[in-house]
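Colleague: Here you go, one structure.
The values are calculated or read from the model by the stated rules, or taken from the named source; none is laboratory data. As the structure is a computational prediction, the values presented were derived from the model and not from experiment. Please note: Cβ atoms are built from the backbone with ideal geometry, for glycine as well, and neighbour counts cover all protein chains shown.
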Amino acid sequence: MTLKEKQDRPDEAPAETGRAETGDGERATASQRQLVWWAFKKHRLALVSAWLLGAMLIVIVLCEFIAPFDDRHRDSEYTTAPPQVLKLWDTDGPEGFQWGLHVDGYTSTQDPRSLRITYEPDPADRVDIGFFVKGEEYKLFGLIPWDRHLLGPEDPDDPMYLLGTTTDGQDLLSQLVYATRVSMSVGIIGVLLAFLLGIVLGAVSGYFGGWVDNVIQRVIELFMAVPAIPLWLGLAAALPPDMGSVTRYFIITTILALVAWTGLAREVRGRFLALRSEEFVTSALLDGSSRGRVMFRHMLPSFSSHIIAALSLSIPTMILAETSLSWLGLGLRPPAISWGVQLQDASKWSVLSGAPWLLIPGLVVVIAVLAFNFVGDGLRDAADPYKH
Amino acid sequence: MSEPMLEINDLHVRFPVRRNMFGRVTVENHAVSGVDLTLMPGETLGLVGESGCGKTTLGRTIVGAQEATSGSIRYDGQDLTQLKHRQRGRYRRQIRMVFQDPFSSLNPRMTLRQIIGDPLVTTGEAKGSELEDRVAEMMRRVGLSPEYMDRYPHAFSGGQRQRVNIARALIVRPKLVVADEPVSALDVSVRAQILNLLRELQEEFGLTYLFISHDLSVVENIADRVAVMYFGKIVELADTAELYERPSHPYTEALMSAVPIPDPSRRGRTGRVLLPDDLPDPTNPPPGCAFASRCRYAEAGRCDAGTVEFEDGVRCVRTGELELQGIVKTDGVH
């Protein structure tokens with residue numbers, strides 16, 4: 001039914017009433033989620049970013065398999081080796097032209113005066129590379145023992161450092177894969193914690209109003225009045241240095257969440273205040289729903305997409321906070337690896353001038369942060385499919 | 001004469017407007033100030049009045065969406081004003097409300113199945129296929145095809161949405177339905193359909209209606225008795241035909257004169273009573289008759305002092321002295 005016809009016949013005769021617009025039946029039965037997805041798909045940049053984040057999630061889950069080496073792998077023969085170029089064929093081998101995935105090995109030269117060793121790719125030294133090669137053993141998902149890696153040298157002792165190595169002779173790519181798991185999960189878990197706190201307190205504050213609202217708002221203001229960076233620094237510096245890295249990881253995440261929840265609590269409160277006077281809320285109460293059911297079953301779903309948008313927009317802040325803390329040496333510490341820990345290596349100019357590839361983790365941070373922002377923007381625009 | 005179904009006694013509802021620094025209410029808005037009303041089983045009582053007169057607040061207080069400040073609402077031997085949200089259980093199902101706005105009263109994130117079935121789900125009365133059967137049954141009764149059960153409200157027109165609202169109210173088999181301006185938001189063409197539907201359902205389920213409206217022609221069409229509300233008080237209560245022919249309160253007369261007359265030849269026979277826009281301040285009600293400031297029959301010294309009692313169905317000092325003009329019935333078809 002076209003719009004024109006719809007206007008001409010605002011309501012059919014009783015015999016045939018109840019006929020919804022039959023032309024767009026798909027839209028009529030589409031759930032909120034589907035409508036948001038249809039709107040989101042139109043946002044190209046957000047869609048690409050979403051795929052990128054999806055790929056990062058796979059890296060998080062399968063990081064042991066994807067990383068060519070273990071996170072403790074250290075090759076003291078090759079410290080600060082430059083990145084290698086992945087090659088598909090070989091022309092200077094002993095048999096002339098030859099297919100085969102490989103990288104060039106390294107030759108080392110030592111500066112006679114500074115005694116510094118520098119590495120150069122050596123086309124004569126061919127390192128064959130294969131998919132699903134045998135490498136170091138690990139436990140997939142922490143359970144299944146396996147020793148296959150997605151990509152690696154056919155001979156596990158050969159050097160394959162696609163993004164170069166660190167000053168300690170660790171494979172930058174493998175480290176980056178492990179760091180992605182840590183940094184992304186700090187962001188995601190931290191934001192989830194903050195949201196749990198923010199949604200519950202914001203909902204209670206906005207729904208009940210009165211003195212409850214007053215108390216919660218003053219607490220939020222108190223949290224907001226404390227400057228975030230000194231608070232992080234203080235809390236992180238108070239942690240004992242000999243703490244295990246897992247405990248440290250969770251404590252850092254919690255600290256970040258404690259600072260981040262206030263903004264969301266305010267947003268949720270505002271929504272609840274606005275929705276409270278809607279008639280569907282009154283009617284839900286009259287239907288016999290308890291207040292909790294009205295809040296979390298009737299009201300919250302009506303702006304869940306806004307919440308998801310706000311969520312993806314606040315993950316970058318969290319990731320950046322963790323990165324800066326770790327970079328300063330106050331967040332996570334080696335042997336734990338995060339993007340910030342990795343960047344510590346790149347903080348000295350003398351090192352960086354000879355090994356610019358150490359900045360690659362910084363590039364990954366930028367990409368991840370931008371991707372979350374684009375996805376958040378896309379979701380925010382798509383969040384209200386009924387507005388037109 | 002049978003027992004009244006609902007008895008409202010001296011009901012007051014006030015809203016805090018301003019508080020002092022200790023949280024004490026210093027300024028209050030008197031939305032309902034001393035309403036007495038009884039509803040007989042099976043009747044339709046129309047409640048009319050201009051916007052802001054407290055009629056919606058009265059309706060909301062009856063269904064429990066608003067707390068009363070004082071007074072009582074007796075239903076089935078129980079004073080409803082004394083019940084907390086959790087205790088209302090049974091009464092919540094026997095007294096239901098149909099909302100005015102068909103758009104904001106339906107949760108856009110729920111399908112018709114969820115919306116209409118919600119009262120049954122919260123009480124645990126029906127589950128699974130029984131729930132589905134009852135929702136389908138109710139949808140058919142209000143003229144909606146059950147095949148649209150899984151659609152969302154945005155796919156429906158205003159009239160259809162109001163049918164959903166009615167289905168939601170009636171699915172728990174209530175006895176009393178408070179209909180708060182159920183047709184005001186609808187096109188005139190759809191209005192008659194919904195009114196007919198309400199009338200059919202009343203007969204079928206033996207319902208009692210409190211029909212709140214600002215539209216006198218709609219109320220005339222559906223109500224057995226009509227209560228006129230002004231400034232938080234009932235100013236006149238009478239059988240519909242009597243009220244429309246011989247109003248006893250000057251305010252009722254003014255309302256009547258505002259009803260458009262479809263027949264051009266009859267227009268102009270009765271002059272329109274234009275009311276000055278001089279509503280009293282609801283936070284500070286004047287002594288005497290609240291309508292005195294706008295009433296063309298008001299007499300200084302008599303109308304603006306003391307309290308005016310509600311006697312013989314009218315709240316006016318000059319009852320019996322005035323010749324008031326009702327609506328001249330057009331002959332034949334209406």
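Colleague: From the list A:G292, A:G354, which one is touching a strand residue (DSSP E or B) at 6+ places or on another chain (Cβ under 9 Å) and either more than 30 Å from A:L47 (Cβ to Cβ) or aliphatic (A, V, I, L, M) (or both)?
Modeller: Criteria check complete, one pass: A:G354.
Colleague: When the residues of region A:216-245 are filtered to those that are not β-branched (V, I, T) and not in a helix (DSSP H, G or I), which remaining residue is nearest to A:L264 (Cα to Cα)?
Modeller: The extreme case among them is A:P227.
Colleague: Could you grab me the full set of residues in region A:230-242 that are without any contact (Cβ under 8 Å) to a residue 24 or more places away in the chain and either surrounded by 11 or more Cβ atoms within 10 Å (Cβ to Cβ) or of a type in the set (K, R) (or both)?
Modeller: If the condition is that a residue be without any contact (Cβ under 8 Å) to a residue 24 or more places away in the chain and either surrounded by 11 or more Cβ atoms within 10 Å (Cβ to Cβ) or of a type in the set (K, R) (or both), then A:G234, A:L235, A:L239 are the ones that fit.
Colleague: To continue, here is another question. Check region B:13-20 and report whether any residue there is under 30 Å from B:L186 (Cα atoms), buried (at least 19 other Cβ atoms within 10 Å of the Cβ) and touching a residue at least 12 places away in the same chain (Cβ under 8 Å).
Modeller: The answer is yes, given that some residue of region B:13-20 is under 30 Å from B:L186 (Cα atoms), buried (at least 19 other Cβ atoms within 10 Å of the Cβ) and touching a residue at least 12 places away in the same chain (Cβ under 8 Å).
Colleague: Going by the conditions given, is B:E50 part of a strand (DSSP E or B) and either surrounded by 18 or more Cβ atoms within 10 Å (Cβ to Cβ) or touching a residue at least 60 places away in the same chain (Cβ under 8 Å) (or both)? Steps first, answer last, please.
Modeller: On the way: part of a strand (DSSP E or B): no; either surrounded by 18 or more Cβ atoms within 10 Å (Cβ to Cβ) or touching a residue at least 60 places away in the same chain (Cβ under 8 Å) (or both): yes.
Judged against the criteria, B:E50 is not a match.
Colleague: Output the residues belonging to region B:98-113 that are part of a helix (DSSP H, G or I) and within 10 Å of chain A (Cβ to nearest Cβ).
Modeller: Pass one, region B:98-113, residues part of a helix (DSSP H, G or I): B:112-113.
B:L112, the sole residue that qualifies.
Colleague: Hey, could you check region B:114-128 for residues that are more than 19 Å from A:T29 (Cα to Cα) and outside any loop (DSSP other than H, G, I, E, B) and say which is farthest from the other protein chains (Cβ to nearest Cβ)?
Modeller: Filtering first and then ranking leaves B:G128.
Colleague: Among the residues of region A:278-306, which ones are at the interface with chain B (Cβ under 9 Å from one of its Cβ atoms) and surrounded by fewer than 18 Cβ atoms within 10 Å (Cβ to Cβ)?
Modeller: Across region A:278-306, the qualifying residues are A:S290, A:R291, A:R293, A:P301, A:S304.
Colleague: Working only within region B:176-202, note down all residues that are more than 10 Å from chain A (Cβ to nearest Cβ) and among the hydroxyl-bearing types (S, T, Y).
Modeller: Of everything in region B:176-202, just one residue is more than 10 Å from chain A (Cβ to nearest Cβ) and among the hydroxyl-bearing types (S, T, Y), namely B:S184.
Colleague: So in region A:331-375, with the set limited to residues that are in a loop (DSSP other than H, G, I, E, B) and among the small types (G, A, S), which one is nearest to A:I60 (Cα to Cα)?
Modeller: Selected residue: A:S338.
Colleague: Residues to consider are B:G42, B:G34; find the one that is in a loop (DSSP other than H, G, I, E, B), among the small types (G, A, S) and either modelled with pLDDT of 85 or more or surrounded by 19 or more Cβ atoms within 10 Å (Cβ to Cβ) (or both).
Modeller: Of B:G42, B:G34, the one residue that is in a loop (DSSP other than H, G, I, E, B), among the small types (G, A, S) and either modelled with pLDDT of 85 or more or surrounded by 19 or more Cβ atoms within 10 Å (Cβ to Cβ) (or both) is B:G42.
Colleague: Please verify whether B:L131 is among the aliphatic types (A, V, I, L, M), more than 7 Å from chain A (Cβ to nearest Cβ) and assigned to a loop (DSSP other than H, G, I, E, B), treating the condition exactly as stated.
Modeller: Spelling it out, it is not the case that B:L131 is among the aliphatic types (A, V, I, L, M), more than 7 Å from chain A (Cβ to nearest Cβ) and assigned to a loop (DSSP other than H, G, I, E, B).
Colleague: Take the residues of region B:67-97 that are facing chain A (nearest Cβ under 9 Å) and outside any strand (DSSP E or B): which is surrounded by the most Cβ atoms within 10 Å (Cβ to Cβ)?
Modeller: B:R92
Colleague: Also, quick follow-up: Are there strands (runs of 3 or more DSSP E) fully within region B:196-297 with at least 1 residues that are closer than 27 Å to B:E321 by Cα and of a type outside the set (A, V, I, L, M)? List them.
Modeller: B:225-230, B:233-239
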